[in-house]
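To start, I am sharing the structure in question, which I have written as structure tokens.
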Amino acid sequence: MRQSRLFAPTLKKVSNDIEVVSHKYMLRAGMIRQVAAGIYNLLPVGWKVVQRIEAIVREEMNRAGAQEVLMPAVQPAELWQQSGRWDFYGPELLRFQDRKNGDFCLGPTHEEVVVDMVRRDVRSYRALPMNLYQIQTKFRDEIRPRAGLMRGREFIMKDAYSFDVDRAAAEESYKQMFAAYERIFERCGLDFRPVEADSGAIGGSLSHEFQVLADTGEDAIVSCPDCGYTANVEKAGVHHRHDAPTGDAANETEQTLVDTPLTRTIEKVSAFFSVPPTQIVKTVLFIADDVPVAAIIRGDLNVNEVKVKKIVGAEEIRAATPAEMIEATGAPPGSIGPLGLTCRVVADHSLSGLPNVIVGANKKDHHITGVSVPRDLPDLEFVDLRMAADGDPCGRCGGSFGFFRGIEVGHVFYLGTKYSEAMKCTYLGVDGEEHAMEMGCYGIGITRIMAAAIEQHHDDYGIMWPMALAPWQVHIVPLQLDDEAVVNEAERIYTALQERGVDVLIDDRDGRPGVKFKDSDLIGAPIRVTISTKSLAEGCVEWKLRREKDREMVPVADVLAKIAELI
RNA sequence: CGGGGCGUGGCGCAGCCUGGUAGCGCGACGGUUUUGGGAACCGUAGGUCGCAGGUUCGAAUCCUGUCGCCCCGACCA
């Protein structure tokens, strides 16, 4: 590509409130431009990188035996009503009507459509297993899109769906996809971890996220250095060490009702009584499928909503509003507690056996001291409700969790028969009976990979593409365009590389060296070859790798071979 | 959905508090000189100040409403 013709409007500056590196550099390198909140144009450079990622994904998906299809972005409500998600999905699903007032939506995912496609034409166990994938534009009307392509409303996704005869076969498909994903992210040059994840609203029971390590990531992950257990904090099990004091009668004290004005938070209660947060019971009220549930935990810890949801077996869960708290407990936020509640109470292991704690009194601005958990709350069952944090004991082995942040670039789910049953996607088995197909679904955020790659590969000057994702592997930068020798040599290398199938960009613009170097660093091709009057006088060109500081003079005759070594 | 902020030539910003000629830097175009890390000079073009009302002799500036965008939190396959 000739840079004089390239539509890559590079910028020296972007607005001050663009903070995330990948967002900034994609704008500055002229890869993307915003159209609306969370909606972007991909300019030639950005699109080229997307195509690189897509090519890798296709190769590995095909290698894993999946078949590519293309499903529509616009989907009829009817299918979503069949799966039950038309009512369940909420405002993230962008709905609209056609001219005949028929209901439609823009697909945020494609379970419904793919199941419909398969159920129409796949009738026999002989056709299974089957794995169908597509690379397609998704739309999710996110509450708050942010950080450029990191969380857009419209984005490009690879989604795959596997169909199998039984659970064992489905798990085999899952494993194949898992392995394919490892190869894909490896080839993309990303430092990533597969982590155990909550399966969320999409359902199913077995689920892993592929997280790219980055401080700007939105997800929190804990990992145990001892046993290797790695999980999203939403899912991570926390070990219960039995280091809590036992409920000795000798330690037990009388309950006392205390007037505690202005103590709405654990910190304030802690300060009021001059006791550590570990001697306070934190009570959090949730509404699980319209029913209030109180979760209690030691004051220094946080309740994991997802764990509560699982324990009570709810479809949906949310924090209660202040009005709901008063209705359920008689007290506003800050004063609720576990004693005398009529709603269900679930307790974290951390409270087991505690003899002398402070709880909310379920009376505005009052707490009760001297509460003994074994004596006063004898019927509790203790479970793991704790939001995993840095240093917490690993749920598998009790080791100490490390904490890091990640960008979710892939997610694999085992779905079971959730959709196939709801939508009657069945096959005729060897036994001559109809069976619901066992499904899995597997997503990769293509545009998000591009953002994640930049998060991991950049410096103060711009992007440092991994070879596999680079829009161009080689950037040729001739400096003196009025020097025929310089131009000729640059053109010779340019043509030779093209003939060898190398993707190469030549800066044939008549500009000053500084401008060319800045743009080159910004766009981030891995190899830069600078050709100047000075270097040619020695029979050399200047060789510079984007990732490395040093430049090197390389004889003109050796350049092509040297490039071949790296590509 | 709660909190905060911003909409002024293509881009980045000042001006607003205290109403009275719309300004700076970059970019673009023409020219001269330049050419190893975002050049200098001369000249040119380009703005209904997000939109709609209101107050006023007069509104980018004050008031009301509205739309859009950004950030934090909550939310999220």
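From A:PRO145, A:PRO129, which residue is at pLDDT below 90, assigned by TED's automatic domain parsing to the domain that holds A:THR447 and of a type outside the set (A, V, I, L, M)?
Numbers: A:PRO129 fails: at pLDDT below 90.
Every option except A:PRO145 fails the conditions.
Another question, then. Tally up the residues in segment A:149-165 that are part of a loop (DSSP other than H, G, I, E, B) and touching a helix residue (DSSP H, G or I) at 6+ places or on another chain (Cβ under 8 Å), please. Give the derivation first.
Taking segment A:149-165 first, the residues part of a loop (DSSP other than H, G, I, E, B) are A:149-150, A:152-153, A:165.
Going one step further and asking which of them are touching a helix residue (DSSP H, G or I) at 6+ places or on another chain (Cβ under 8 Å), we end up with A:149-150, A:152, A:165.
Of the residues in segment A:149-165, 4 are part of a loop (DSSP other than H, G, I, E, B) and touching a helix residue (DSSP H, G or I) at 6+ places or on another chain (Cβ under 8 Å).
Quick check on segment A:81-125: of everything there that is free of Cβ contacts under 8 Å to residues at least 40 places away in the same chain, out of contact with any strand residue (DSSP E or B) (no Cβ under 9 Å at 6 or more places or on another chain) and not polar (S, T, N, Q), which residue is nearest to RNA strand B (Cβ to nearest atom)?
Among those that are free of Cβ contacts under 8 Å to residues at least 40 places away in the same chain, out of contact with any strand residue (DSSP E or B) (no Cβ under 9 Å at 6 or more places or on another chain) and not polar (S, T, N, Q), it is A:GLY90.
Could you check A:LEU469 against (1) part of a helix (DSSP H, G or I); (2) surrounded by 24 or more Cβ atoms within 10 Å (Cβ to Cβ); (3) not basic (Lys, Arg) and say which number it fails?
Of everything listed in (1) part of a helix (DSSP H, G or I); (2) surrounded by 24 or more Cβ atoms within 10 Å (Cβ to Cβ); (3) not basic (Lys, Arg), A:LEU469 misses just condition (1).
Residue-wise test of (1) within 24 Å of the chain's Cα centre (by Cα); (2) without any contact (Cβ under 8 Å) to a residue 60 or more places away in the chain.
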residue	(1), (2)
A:ASP392	yes, no
A:GLY429	no, no
A:TYR442	yes, no
A:ILE463	yes, no
A:LEU469	yes, no
A:ILE476	no, yes
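Can you name the residue in segment A:489-545 that is within 9 Å of RNA strand B (Cβ to nearest atom) and of a type in the set (Asp, Glu) and, of all such residues, is farthest from A:ALA8 (Cα to Cα)?
Ranking the qualifying residues of segment A:489-545, first place goes to A:GLU542.
Right, next: Could you please find all residues in segment A:330-351 being small (Gly, Ala, Ser) and buried (at least 17 other Cβ atoms within 10 Å of the Cβ)?
First pass over segment A:330-351, keeping only residues small (Gly, Ala, Ser): A:330-331, A:334-335, A:337, A:340, A:347, A:350.
Correct list: A:ALA331, A:GLY334, A:SER335, A:GLY337, A:ALA347, A:SER350.
Cβ contacts < 6 Å: first residue acidic (Asp, Glu), restricted to segment A:519-531; second residue within 7 Å of RNA strand B (Cβ to nearest atom), any location; separation 6+ or different chain. Result?
Note: pairs meeting the criteria are A:ASP519/A:THR10; A:ASP521/A:TYR461.
Okay, moving on. Say we look at segment A:288-304 and pick out the residues that are more than 20 Å from A:VAL359 (Cα to Cα) and surrounded by fewer than 19 Cβ atoms within 10 Å (Cβ to Cβ); which of these is farthest from RNA strand B (Cβ to nearest atom)? Working first, answer last.
Step one: filter segment A:288-304 for residues more than 20 Å from A:VAL359 (Cα to Cα), giving A:288-291.
Subset that is surrounded by fewer than 19 Cβ atoms within 10 Å (Cβ to Cβ): A:289-291.
On the way: A:ASP289: 13, A:ASP290: 15, A:VAL291: 17 Å.
The selected residue is A:VAL291.
In segment A:454-466, what count of residues is obtained for those that are part of a strand (DSSP E or B) and either surrounded by fewer than 21 Cβ atoms within 10 Å (Cβ to Cβ) or polar (S, T, N, Q) (or both)? Spell out how you get there, then give the answer.
If we filter segment A:454-466 for residues that are part of a strand (DSSP E or B), which is where we start, we get A:458-459, A:462-463.
Those still in the list that are either surrounded by fewer than 21 Cβ atoms within 10 Å (Cβ to Cβ) or polar (S, T, N, Q) (or both) too: A:458-459.
Final tally of qualifying residues: 2.
Could you list, in sequence order, the residues of segment A:498-516 that are modelled with pLDDT under 95 and part of a helix (DSSP H, G or I)?
Listed by number, the residues that qualify are A:PRO513, A:GLY514, A:VAL515, A:LYS516.
Right, something else. Among all residue pairs at least 6 apart or on different chains, which show Cβ distances below 9 Å where the first residue, located in segment A:49-66, is under 17 Å from A:LYS175 (Cα atoms) and the second is among the small types (Gly, Ala, Ser) and surrounded by fewer than 20 Cβ atoms within 10 Å (Cβ to Cβ)?
Correct list of pairs: A:ALA64/A:ALA179.
Additional query: Of the residues in segment A:465-488, how many are within 25 Å of A:LEU43 (Cα to Cα) and within 14 Å of RNA strand B (Cβ to nearest atom)?
Of the residues in segment A:465-488, 4 are within 25 Å of A:LEU43 (Cα to Cα) and within 14 Å of RNA strand B (Cβ to nearest atom).
It is to be established whether one or more residues within segment A:430-453 are within 30 Å of A:PRO129 (Cβ to Cβ), among the hydroxyl-bearing types (Ser, Thr, Tyr) and outside any loop (DSSP other than H, G, I, E, B).
Within segment A:430-453 (the criterion being within 30 Å of A:PRO129 (Cβ to Cβ), among the hydroxyl-bearing types (Ser, Thr, Tyr) and outside any loop (DSSP other than H, G, I, E, B)), the answer is yes, since at least one residue qualifies.
Now for a separate question. Condition test on A:ALA564, is it more than 8 Å from RNA strand B (Cβ to nearest atom), out of contact with any strand residue (DSSP E or B) (no Cβ under 7 Å at 6 or more places or on another chain) and farther than 16 Å from A:MET467 by Cα?
So A:ALA564 does not fit the description; no.
In this structure, does A:ALA197 turn out to be farther than 30 Å from A:ARG123 by Cβ, small (Gly, Ala, Ser) and within 16 Å of RNA strand B (Cβ to nearest atom)?
On the way: farther than 30 Å from A:ARG123 by Cβ: yes; small (Gly, Ala, Ser): yes; within 16 Å of RNA strand B (Cβ to nearest atom): yes.
So A:ALA197 passes the test.
Quick one: A:ASP431 ticks every box in (1) more than 30 Å from A:ARG298 (Cβ to Cβ); (2) in contact with a strand residue (DSSP E or B) (Cβ under 9 Å, 6 or more places away or on another chain) except a single one, so which number is it?
Only one criterion in (1) more than 30 Å from A:ARG298 (Cβ to Cβ); (2) in contact with a strand residue (DSSP E or B) (Cβ under 9 Å, 6 or more places away or on another chain) is unmet by A:ASP431, namely (2).
In segment A:452-464, how many residues are away from RNA strand B (no atom under 12 Å from the Cβ) and under 16 Å from A:ILE53 (Cβ atoms)?
Looking only at that region, the number is 6.
Sticking with this one: Can you go through A:ALA323, A:ALA319, A:ALA389 and tell me which one is out of contact with any Ser or Thr (no Cβ under 8 Å at 6 or more places or on another chain), surrounded by fewer than 17 Cβ atoms within 10 Å (Cβ to Cβ) and outside the structural domain of A:SER274 (by TED's automatic domain parsing)?
Details: A:ALA323 fails: outside the structural domain of A:SER274 (by TED's automatic domain parsing); A:ALA319 fails: outside the structural domain of A:SER274 (by TED's automatic domain parsing).
One residue alone meets the criteria, A:ALA389.
May I ask you to verify whether A:TRP543 is aromatic (Phe, Trp, Tyr) and in a loop (DSSP other than H, G, I, E, B)? Outline the logic, then answer.
Values: aromatic (Phe, Trp, Tyr): yes; in a loop (DSSP other than H, G, I, E, B): no.
So A:TRP543 does not fit the description; no.
The values are calculated or read from the model by the stated rules, or taken from the named source; none is laboratory data. Only a predicted model underlies this, so the values are computations on that prediction, with no experimental measurement involved. Don't worry about glycine lacking a Cβ; one is built from the backbone with ideal geometry, like all the others, and counts go over all protein chains shown.
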